[in-house]
Amino acid sequence: MVQTNKNGHLELKFNAERTQVHATIHPPVGVGIAITAQDIMERLKNMGVSYGIREQAIRDGVHLAEETSNPTTVLVAQSVLPQDGIDAMVHYHINVEEASQPLPNNVFGKTDWLQVSPKRMMSSGALLASITPAQPGSPGKTLTLPINNILPRQGKPAAISAGDNVAYSTDKLHLRAEYEGCIVLHMEKISLIAMQRAASRIRGGNHSYVKGAVLLDGAEGANLEIGDFLAARGTLRGCRIRVHGDLYIENAEDCMVLADGDVYVTGTVKNCEIVCPGVLKAAKGSILLGGSLCATKGIHADVIGDESFTATELQTGQDRFNLIRKREIEEEMQECEKNRERIVIALRSLTKLSALNDERRAMVQKLQDQLRHTEDRIRDLHGCKRMLALDSREVESGVVTADHIHPGVWVRIGSAALQTENSILHTQFVRSAGGKSVQTTTVASAA
């Protein structure tokens, strides 16, 4: 068979960004003429490549194609390549596995604050996460004129955001807890449910919690002011409790309670006065005995009263909470007005001075800030008072017993009332159509 002679040939190809040129060198066949390094460099210049020619790589490629008699591809020209940026990195200082878990639920389907893992608890000011910031990339340049910049991929910012009660540092590189509480990590957002936990039993005194509170061993003889929810294990005995949220208790005896939300009971409530605008729910096996229990939106209980005819009063449908809350608002407004007057007098005395040094100017600024805060609070209180006036009305509600209600229990729904004469099983108490009496119906017992 006669061999065909064929000259070598060359293929040159830019990449998409025109920052590189690859050459495929095809060797000759027979006694054909081979591609030389000079051929390649001249072709590059004819294509407009003015710099970045890799002469040694070209010579090596030509030699390899000649030596192997196979097509050889080689990078023959390269400009400044774009350097991609580096993504930011988040360094967590919390137990990520614990913080990512759903919070536990209690028998009411609500968060069981008593069962929150200690590993999720953070102290106020605790470092929760730190960020290594993203690094910018550097641009590349094209090989041909006009030389254009090739934009790099920039480093992505940190995939994290601050939720409730979490604050960034001034440089945005650290996230810290604003309060003591339970950490929650969800969808790259780190939040904190503000709550303080008391491990030992509280005995006497006045105790104020800015946000939520969890008492792991109850309390006795104490005055408790809670800024949000309260969850208490064990027994609350002889306490005065003001809760600006929901209340979760096991046992309570001889307590006075005012809660802004709902009340949940898993044990025995005995001889207590409880007022809330929501519902009072008592779990299976619980007992409501003695005292006065007022929940505007209804009472759902298991056992109410006892065989000894202990005086027990249940009230729903009428908002006693609003009346008490109105008194609270009026008292706070009076204190705010007095405080405002004191601040105004202090400001007048300072502004009368002919010259103010730095210390006095700072004092004036501080007093002005306090005055603005006090006036804002007064406006908020007026708004709350107006809302209460609009919301002061009877609502449709009732009392339901999953087990039984003993004789001698007063059930008041709005302006209607009924005292039980016998022990009644599985009963719902509702107001009659005319609203003047309380009617009873049997409900299905829980399995």
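Quick look at the numbers
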{"item": "Qualifying strands (runs of 3 or more DSSP E) (wholly inside region 173-255; at least 1 residues being out of contact with any helix residue (DSSP H, G or I) (no Cβ under 7 Å at 6 or more places or on another chain) and among the polar types (S, T, N, Q))", "result": "189-198, 206-209, 223-226, 230-237, 247-253"}
{"item": "All positions within region 2-12 that are closer than 27 Å to Pro82 by Cα and either exposed (fewer than 11 other Cβ atoms within 10 Å of the Cβ) or of a type in the set (A, V, I, L, M, F, W, C) (or both)", "result": "Leu12"}
{"item": "Scan of region 424-447 for residues that are among the small types (Gly, Ala, Ser) and surrounded by fewer than 12 Cβ atoms within 10 Å (Cβ to Cβ), ordered by number", "result": "Ser432, Ala433, Gly434, Ala444, Ser445, Ala446, Ala447"}
{"item": "Any hit, region 133-147, residues being of a type in the set (Ser, Thr, Tyr), touching a Ser or Thr at 6+ places or on another chain (Cβ under 8 Å) and outside any loop (DSSP other than H, G, I, E, B)", "result": "yes"}
{"item": "Lone qualifier among Gly30, Gly52 - being surrounded by 15 or more Cβ atoms within 10 Å (Cβ to Cβ), assigned by TED's automatic domain parsing to the domain that holds Glu66 and touching a strand residue (DSSP E or B) at 6+ places or on another chain (Cβ under 8 Å)", "result": "Gly52"}
{"item": "Whichever residue in region 233-258 is within 23 Å of the chain's Cα centre (by Cα) and without any contact (Cβ under 8 Å) to a residue 24 or more places away in the chain and, among such residues, is nearest to Lys284 (Cα to Cα)", "result": "Val243"}
{"item": "Which listed residue is closer than 19 Å to Thr144 by Cα and free of Cβ contacts under 8 Å to residues at least 12 places away in the same chain, from Ala77, Ala16", "result": "Ala16"}
{"item": "Hits in region 351-386 (condition: among the hydrophobic types (A, V, I, L, M, F, W, C) and surrounded by 14 or more Cβ atoms within 10 Å (Cβ to Cβ))", "result": "Met363, Val364, Leu367, Leu371, Ile378, Leu381, Cys384"}
{"item": "Residue check for Val166: touching a residue at least 12 places away in the same chain (Cβ under 8 Å), among the β-branched types (Val, Ile, Thr), surrounded by 18 or more Cβ atoms within 10 Å (Cβ to Cβ) and assigned by TED's automatic domain parsing to the domain that holds Asn15", "result": "no"}
{"item": "Residue list for region 198-216, filter: free of Cβ contacts under 8 Å to residues at least 60 places away in the same chain and under 27 Å from the mean Cα position of the chain (by Cα)", "result": "Ala198, Ala199, His207, Ser208, Tyr209, Val210, Lys211, Ala213, Leu215"}
{"item": "Leu114 vs. criteria closer than 30 Å to Thr266 by Cα and in a loop (DSSP other than H, G, I, E, B)", "result": "no"}
{"item": "Hits in region 104-137 (condition: among the small types (Gly, Ala, Ser) and surrounded by 13 or more Cβ atoms within 10 Å (Cβ to Cβ))", "result": "Ser117, Ser124, Ala126, Ala129, Ser130, Ala134, Gly137"}
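The values are calculated or read from the model by the stated rules, or taken from the named source; none is laboratory data. Remember, it's a predicted structure, so these values are computed and weren't measured experimentally. Cβ coordinates were reconstructed from backbone atoms using ideal geometry, including for glycine residues, and neighbour counts include every protein chain displayed.
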